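One structure is given here, and the rest of the page talks about it.
The values are calculated or read from the model by the stated rules, or taken from the named source; none is laboratory data. Given the structure is predicted, the values throughout are model-derived calculations rather than measurements. Neighbour counts run over all protein chains shown; Cβ positions are idealised from the backbone, glycine included. With ligands, DNA and RNA removed, areas are computed over all heavy atoms of the protein, side chains included. Shrake-Rupley method; radii C 1.70, N 1.55, O 1.52, S 1.80 Å.
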Amino acid sequence: MSRYINPFTDWGFKRLFGQEFSKDLLISFLNDLFEGEFHIQNVTFKDKEQLADTKDLRGCIYDVFCETDDGKHFIVEMQNNRAVNFVNRTLCYASKAITSQREKEKTKDEPTFYELVPVYVISFMNFLPHAEDEVSEFKTDVMLREKGSEEAFTDKLRFIYLNLPLFKKKAEECVTDFEKWIYVLKHMATLERIPFETQKKIFKRLAEVADSRCLSKEEMEKYEESQRQVTNYNLGMYSAWQEGNQKGIAEGELSKSLSIAHNLLLMGMSLEQVSQATGLTKEQLKEMKKG
């Protein structure tokens, strides 16, 4: 058992960023993420029922209502996502967060007219993206803007994707507090001590909350179950990838053999000779000649 919990199990993610007793960690992380834009003074967990233990590995997802020190409000959707089509999923979650505001607005005695609170979706992606995926950088920050302009069209919707495998910095290379957060979260499950504790008090607090030795028996059982779910999920994903990869190799070899056979037949070799040379059956060669 490692000293610190894995923050990318659903239980570990919820302990660090989805509990009332540890919301100082969430506030600090968000302020370092949005450094220079605004400063959050308080957060409220909007839908506590979404904090229930997750059994199907859809990822830990919950809404956080944020209030800045200058009186602004916005909703942050924190996601620990391990699913395929994750960009599409985040679009669905954000749309739900927007439309739910409208539904609540309709129930008021004097409803307002589409006075929406901004929704920011922050997605932790602890997996390597595919080559065709939209996210190809460690941090991808997406807002709606008018085509041909760099200015935001509206601040009501924003997506921030943090792909941990694409963060390559070593501890000594981390300059900003946000970079330090990412380094610690990425490596936490293998660390013997949390770095940066002497530089910023919040990392000492993080070490206390994440220390597996301080978990109760019940907490440890839930954490271990969450770890098993992640392990089983990853094994399933690897098996599916391996099967697809082997299928791709087989299809590639067949295509190569067909190409060689086609050239040999053009050279005047018999079906039997080409079959011996390529390993293809006479039936396959006959079908190829028909094509």
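For the structure I just gave you, tell me whether Asp32 is at pLDDT 95 or above and either small (Gly, Ala, Ser) or open to solvent by less than 50 Å² (accessible area, probe 1.4 Å) (or both). Against the criterion (at pLDDT 95 or above and either small (Gly, Ala, Ser) or open to solvent by less than 50 Å² (accessible area, probe 1.4 Å) (or both)), Asp32 qualifies.
Of the residues in the stretch 161-173, not one is at pLDDT below 95, part of a loop (DSSP other than H, G, I, E, B), farther than 18 Å from Ile122 by Cβ and open to solvent by less than 60 Å² (accessible area, probe 1.4 Å). Within the stretch 230-246, none of the residues are modelled with pLDDT of 70 or more and at positive phi. Kindly establish whether Glu287 is modelled with pLDDT of 60 or more and of a type in the set (Asp, Glu). Taking the combined requirement at face value, the residue satisfies it. Here Lys180 meets each of (1) modelled with pLDDT of 95 or more; (2) within 15 Å of Phe8 (Cα to Cα); (3) not aliphatic (A, V, I, L, M) with one exception, condition (2). The set of residues in the stretch 187-218 being open to solvent by less than 70 Å² (accessible area, probe 1.4 Å), touching a residue at least 60 places away in the same chain (Cβ under 8 Å) and not in a loop (DSSP other than H, G, I, E, B) consists of Met188, Ala189, Ile202, Arg205, Leu206, Ala207, Val209, Ala210, Asp211, Ser212. Residue count for the stretch 174-186 satisfying the condition of being open to solvent by less than 10 Å² (accessible area, probe 1.4 Å) and farther than 17 Å from Phe17 by Cα: 0.
Residues of the stretch 1-29 being in contact (Cβ under 8 Å) with a residue 60 or more places away in the chain and either assigned to a strand (DSSP E or B) or polar (S, T, N, Q) (or both), which ones? Correct list: Ser2, Tyr4, Asn6, Thr9, Ser22, Ser28.
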